[in-house]
Each structure stands twice: as structure tokens, then as C-alpha cells.
Amino acid sequence: MYDYLVIGNGIAGLSATEEIRKKDADATILIVSSEKKSTYWRTRLSHLISQDFEIDDLSVKKQPWYDERKIDERLDCPIEKIDLEKNVAILCDGEEIEYGKVLIATGARPFIPPIKNIESKGVFAIRTIDDLMNFKEYVADKIKVVVIGGGILGLEAAHSALLLEKEVTVIESFDYLLSRQLDKDLSEKLEKSLNDMGIKTYTGKFTEEIIEEDGIAKGIRLSDGTEIPADAIMVQAGIRSNIDLAKNSGLDVDRGVLVDDGLKTKYDNVYAAGDCAQIGDFTIGLWTSSQEMGKIAGNNMAGDSQMYEKPKPFSTLTIGNIKIFSAGLSSGEGIEEERKEKDGNIYKLFKKDDKYVGGILWGDIKYQNDVKDVVFNAKDLKETKLGEIFA
């Protein structure tokens, strides 16, 4: 019998565990995960494509942290089902674990588009350390790498492959790169910078088929008939919540596990947090959001009553000499742009109905907190250092 059972050891599960222990010093806690390693920095995987590293260097907490806090772990053993009436979780080896309260933090998996021959050898989606190591091993003696997906993770992965001296091509189905983060003007500037760096790009193009020989990927065919040779293909097309455990156990699910603002399911002792959780009509899929969700879920499981607020969207991209920060909205009906340039840096703010609703920094990103204050907290631009740029 464990007082608290945490299913999943991503950042949501770890953060919840940490908060539970702070509030409940004597409770018994068990983390169960299908992963083979304790919680690690998943956000660094794309960068590590081009780097040598020790796997232990990726750990968020070193092993003594768990022992000192009397937190038990059961790794490489997913939970098959939860009996919500009996408060029992059934492990992969058939063992049953009784719990007082349980957190479902099963995370997400890569979204693999329905592309013909997508199962061919040489096609990868990097979500775990094992995925990363398998990709690095496969491309060691390869030359041409195609990345399907021109979002932040796709571009980071493409740059890492370039640093391995590979010939890299990025395919993006939207009309321009980072369409959620950038306006068309700066997206085109980004695309030119990537091209100058040596990364080829195709935008507004759909991948229709993996070209294969004897089950091995040899390239891709776009919907317009264009064929691009490839020795390895990486898919970075977003994620989907892991909801099978919750669904099989009888919890309410949609795109994610349905929870209220306190991250509780319809059962008072069952919570969900992180990439697998759905509040209202949204799932998030961001490391920082999962970390915050985990903290709130852990506190609430231990007797608190905190509410999770939907995060404000912002993102940062750093690739070589390219540095970009964006927050809020940069396109849409009625949105007007204010733009300043200085020493090759570009500063943009976007207004709607006399209110700032978005901002983008190109090159000089030290004003990112000012942008967030102006866009999300309605702070007067003149009261920020960014105001000097726009004066």
C-alpha cells in the first residue's frame, strides 16, 4: 500500500512528487514508469543529436535525491490498468499495487502522420533517450537527412543534424515556418537564414510517401510529385496525449484525460497532469506547463486547493547565430504592427483595439520579459526598457 502512486516520470510526475513530499513528510510514495531512466531533460534531446554526452548528465535529479526523500521508483514497467473502485494499479508483471491517491502523468507520444511507407527502416521520431540513441547510431555513416516538420523541435533537430555535417532538408506543410510563432515577414527571414546556413527548406508542401527499397527508406515524395533523396527521415509533427491507460481504466478522455482546474478527474483521489491532461477543451504539451501542472496536482493531492491557469503562449528559438523570441499573437484580423530595427536586430509589437497582443524579437532577445509584461500583463510600454527602443 502506497499513500501516493505517480504513474509516469516525466517532469509533471517528478514535480508532483516533489511537492507531495514537501507537504507530507511521512507518506509513502511510488513512481512507476515505462521509461528505463529516472526523469531526464527531454527538452535537450534535439540538441544532443550532434553532441557526445553521458546519459546521467541528462537526469533532472541525481539518484541520491530519491533515496534521501524516501521516494520509491519502479522503472521499465508500465501500468496496464487501474481498478478505480478498489484503488489498485496492475503492473506489467501482474503485480497489484494498492494506493491512496494516484496521479496519471503518462505524457505524450510523437504524432506520426498517415504517410505511405512511414514504417520503413530509417524513419525516426525522437521523444525518448532510446529514440535519440537509435537515430544517432543509424545516421553515423549516412549523409542525407530529411526532417518532416518545421516547428521549433524540427528546426532544432535539423540544425543538430547539420552540425553532424549531414545534408539536411526540412519539409513544412504550412505556408511558412513557425507559423504559430512568427509573422510571414520574419518567417521568410528565418527561412533565408536557414538556407544560407545550409539547410534546405520546402514550405506549403505535404509529404505523401516514403520512398523505400526492401523496407529501407531512401527518400520522400511530396504531394506535388517532387522526390527528395534521404538516408534517414525524422518526423517532428507534434505530439498526441497518452490516454490508453486512463481510457482502459474507465476515466473520461477526449484528446487528453479530462480534469477540472484543480487537475482532478471525476474521482476524488485520481488526478492527471502534464501532456496527457486536458482542461476544458485544451491540452498543452509544453515542458514548463507540465512542470507547473505537476506542482499544482501534487499540492492538491496533499490537501491543498490550487487552480491551474491556462499559460500564455511564448517561445524561444536559438539556432547558431539565430535568436528569436515570440509571445502572443502576430497575425489575424484587425492586428496592427509596430516595428523597429537597430544594429541588425528587429523588434515587433502587435496591437489590436489599442492593446498589445503580441511581440517578436529577432536577434536581441534580452527584452523578452518586457514583451511578456506588455502583452500578457498590460504593462505600459513606456515603463519598460523596451519602451526606449520604441520611443
| message | I'd like to compare 73-80, 210-217, 141-148: which one has the highest average count of other Cβ atoms within 10 Å, and what's the full order after that? | response | 141-148, 73-80, 210-217
| query | How high is the relative contact order of the chain, in percent, counting Cα pairs under 8 Å that sit 6 or more residues apart? | reply | 16 percent
| field | Shape of the stretch 294-359, Cα gyration tensor, a/c cut at 1.5 | value | oblate
| query | Is the stretch 1-53 rounded, prolate or oblate when judged by the Cα gyration tensor, a ≥ b ≥ c being the square roots of its eigenvalues, rounded requiring a/c under 1.5 and prolate requiring a/b larger than b/c? | reply | prolate
| request: At 1.4 Å probe size, with no ligands or nucleic acids counted, give the accessible surface of ARG127 in Å², nearest ten. | output: 40 Å²
| Average accessible surface area per residue within the stretch 1-156, 1.4 Å rolling probe, Å² | 47 Å²
| field | Mean separation of Cα contacts under 8 Å, 6 or more apart, over the residue count of the stretch 252-391: relative contact order % | value | 14 percent
| Arranged from highest to lowest average of other beta-carbon atoms within 10 Å per residue, in what order do the peptides 240-249, 379-388 appear? | 240-249, 379-388
| For GLU167, which sequence-distant residues (separation of 5 or more, or a different chain) have an amide H within less than 5 Å of its own amide H, given hydrogens modelled in the peptide plane? | LYS144, VAL145
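Going down the list LYS22/LYS310; LYS23/LYS295; LYS200/LYS340; LYS61/LYS295; LYS323/LYS379; LYS348/LYS372, which pairs span over 18 Å between their C-alpha atoms?
LYS22/LYS310; LYS200/LYS340; LYS323/LYS379
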| Accessible area of the chain belonging to carbon and sulfur atoms, whole % at 1.4 Å probe | 44 percent
| query | Given the stretch 35-179, what whole percent of its Cα pairs are spread farther than 18 Å? | reply | 67 percent
| task | Could you rank LEU14, LEU329 by how accessible they are, 1.4 Å probe, largest area first? | result | LEU329, LEU14
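How big is the equivalent ellipsoid of the chain along its three axes, where each semi-axis is √(5λ) from the Cα gyration tensor, reported in whole Å from largest to smallest?
In descending order, the three semi-axes are 37, 29, 19 Å.
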| task | Mind pulling up the Rg/Rh value for the stretch 1-112? Radius of gyration and Kirkwood radius, both on Cα. | result | 0.99
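Just the number please: accessible area per residue for the stretch 230-328, 1.4 Å probe, all protein chains included, in Å².
Per-residue accessible area for the stretch 230-328 comes out at 42 Å².
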| Under-5 Å amide H pairs with TYR40, H placed in peptide plane, nonlocal only | VAL60
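The values are calculated or read from the model by the stated rules, or taken from the named source; none is laboratory data. These figures come from a predicted structure and were not determined experimentally. Methodologically, a virtual Cβ is constructed for each residue, glycine included, from the backbone with ideal geometry; neighbour enumeration extends over all protein chains shown. To get the accessible areas, we keep the full protein, side chains included, count just its heavy atoms, and leave off ligands, DNA and RNA. Shrake-Rupley method; radii C 1.70, N 1.55, O 1.52, S 1.80 Å.
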